[in-house]
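A.B. asks: Sharing a structure, written as structure tokens. Questions coming.
The values are calculated or read from the model by the stated rules, or taken from the named source; none is laboratory data. What you see is a predicted model; the values in this text were computed from it and never measured. Because the Cβ atoms are built from the backbone with ideal geometry, glycine has one as well, and the counts that use them run over all protein chains shown. Note: accessible area is taken over every heavy atom of the protein model, side chains too, but ligands, DNA and RNA are not part of it. Shrake-Rupley method; radii C 1.70, N 1.55, O 1.52, S 1.80 Å.
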Protein chains: 2
Amino acid sequence: MGERLSIGDLAKATGTKVETIRYYEQMALLPKPGRTAGNYRSYDASHLARLSFIRRARDLGFSLERVRNLLGLSDRKDRSCEGIDAIAEEHLVEVDRKIADLTALRHELGSLVQQCKRGTIGECRIIEALAPHRV
Amino acid sequence: MGERLSIGDLAKATGTKVETIRYYEQMALLPKPGRTAGNYRSYDASHLARLSFIRRARDLGFSLERVRNLLGLSDRKDRSCEGIDAIAEEHLVEVDRKIADLTALRHELGSLVQQCKRGTIGECRIIEALAPHRV
DNA sequence: CATGCACCCTGTAGGAACTATAGGGTCAAG
DNA sequence: CTTGACCCTATAGTTCCTACAGGGTGCATG
């Protein structure tokens, strides 16, 4: 418990570049950490969890603004439940759409691999997996 | 059939900025379309499908390079099946990881909404949904 | 104790993927 | 025949990193 991490440790643990961590601090997505006697940044487990969240949310295609917003759901100090509820529901819609798209893509990639395994290189429908939304 | 679309039509149909479409053309992600007498770009259904794919793949957090690679699975003219298979499997791994992360996030958002509906604003575990990978 | 070497610091500049603006042409409607 | 919505090229700006440049820290090792 109470383990302290250097910026390099944090970078390694999350697959982030050291510069990116400093960038997030500048953008106030990560709280300013404590400093050692030698002026090195000193992090703890909560920083690790938060950075992991940011990185993986970014990897899922959420903008930093959206990530900030999602983190806000957690950071709320005295926000009303209606506000939180509305924001969360909004995110839910986007998340569900992304899951549906990824599932369709997954299906096409899988069938491509299957075709290859059977030696039958039929038509590739990968583009159709993410076809325009019906309007 | 054989319907022709202006760049504005394409933009509207896919939720893309007109400038972004021209940018993709420059990056050779979209093939150069035909031109009208007045030098306007003229697209067809295949452009629409391809652009839709690009936009939605981008929204899912794939880099343009990765999208180019995915499109390559479809564009292959004379590529070997082993090559295709390897690339597709690699993408499959990433897609599955994204689906797992989104599902975890979806779960936490859902429980947040449920808590609000019941008036019990317990602890928010949204950050934990995308916790660091065990190493 | 000095001297590497790996790591950290604060800048600032560069790159990827758009996005906006300037300055101008096209075209259907009135 | 002009007005407004659209298109054209070219270029500069924004977001989100990423890569130096120039220098300090800290620990092992001769």
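A.B. asks: Out of curiosity, is B:Thr16 under 16 Å from the mean Cα position of the chain (by Cα) and either closer than 23 Å to B:Val67 by Cα or loosely packed, with under 13 Cβ neighbours inside 10 Å (or both)?
C.D. replies: Numbers: under 16 Å from the mean Cα position of the chain (by Cα): yes; either closer than 23 Å to B:Val67 by Cα or loosely packed, with under 13 Cβ neighbours inside 10 Å (or both): yes.
Against the criterion (under 16 Å from the mean Cα position of the chain (by Cα) and either closer than 23 Å to B:Val67 by Cα or loosely packed, with under 13 Cβ neighbours inside 10 Å (or both)), B:Thr16 qualifies.
A.B. asks: Turning to a different aspect of this structure: Identify the single condition in (1) small (Gly, Ala, Ser); (2) surrounded by fewer than 19 Cβ atoms within 10 Å (Cβ to Cβ); (3) within 19 Å of the chain's Cα centre (by Cα) that B:Ala88 does not satisfy, given that it satisfies every other one.
C.D. replies: (2)
A.B. asks: Select from region B:28-42 the residues that are near DNA strand C (Cβ under 7 Å from one of its atoms) and open to solvent by less than 70 Å² (accessible area, probe 1.4 Å) and write down the one among them that is nearest to the other protein chains (Cβ to nearest Cβ).
C.D. replies: Looking at the filtered set, the residue picked out is B:Thr36.
A.B. asks: I need the full set of residues from region B:56-74 which are of a type in the set (D, E, K, R) and at the interface with chain A (Cβ under 9 Å from one of its Cβ atoms), in order please.
C.D. replies: B:Arg56, B:Arg58, B:Asp59
A.B. asks: Filter region A:125-134 down to the residues that are without any contact (Cβ under 8 Å) to a residue 12 or more places away in the chain and more than 7 Å from chain B (Cβ to nearest Cβ), then identify the one that is surrounded by the most Cβ atoms within 10 Å (Cβ to Cβ).
C.D. replies: Among residues in region A:125-134 that are without any contact (Cβ under 8 Å) to a residue 12 or more places away in the chain and more than 7 Å from chain B (Cβ to nearest Cβ), the one surrounded by the most Cβ atoms within 10 Å (Cβ to Cβ) is A:His133.
A.B. asks: Looking at region A:43-55, which of the residues that are of a type in the set (Ser, Thr, Tyr) and facing chain B (nearest Cβ under 9 Å) is least open to solvent (accessible area, probe 1.4 Å)?
C.D. replies: Step by step, filter region A:43-55, then rank; the result is A:Ser52.
A.B. asks: Could you check, for region A:62-79, whether at least one of its residues is within 16 Å of DNA strand C (Cβ to nearest atom), surrounded by 15 or more Cβ atoms within 10 Å (Cβ to Cβ) and closer than 30 Å to B:Asp75 by Cα?
C.D. replies: Yes, the conditions are met somewhere in region A:62-79.
A.B. asks: Next question. Contact list please: Cβ distance under 7 Å, first residue in region B:107-124 and outside any helix (DSSP H, G or I), second residue at pLDDT below 80, pairs at least six apart or on different chains.
C.D. replies: That search, which allows pairs on different chains as well, returns B:Ile121/A:Cys81.
A.B. asks: Something else: Pairs under 8 Å by beta carbon, first residue touching a residue at least 40 places away in the same chain (Cβ under 8 Å) in region B:7-21, partner assigned to a helix (DSSP H, G or I) and open to solvent by 30 Å² or more (accessible area, probe 1.4 Å), six or more apart or different chains?
C.D. replies: Filtered contacts from region B:7-21: B:Leu10/B:Leu48; B:Thr14/B:Leu48; B:Thr14/B:Arg55; B:Gly15/B:Arg55.
A.B. asks: Which numbered condition trips up B:Asp101, out of (1) more than 9 Å from every other protein chain (Cβ to nearest Cβ); (2) out of contact with any strand residue (DSSP E or B) (no Cβ under 7 Å at 6 or more places or on another chain)?
C.D. replies: It is condition (1) that B:Asp101 fails.
A.B. asks: So the check is Cβ under 6 Å with 6+ separation or different chains; which pairs have a first residue in region A:25-50 that's in contact (Cβ under 8 Å) with a residue 12 or more places away in the chain and a second one that's open to solvent by 50 Å² or more (accessible area, probe 1.4 Å) and polar (S, T, N, Q)?
C.D. replies: Between residues of region A:25-50 that are in contact (Cβ under 8 Å) with a residue 12 or more places away in the chain and residues that are open to solvent by 50 Å² or more (accessible area, probe 1.4 Å) and polar (S, T, N, Q), the close pairs are A:Ser42/A:Thr36.
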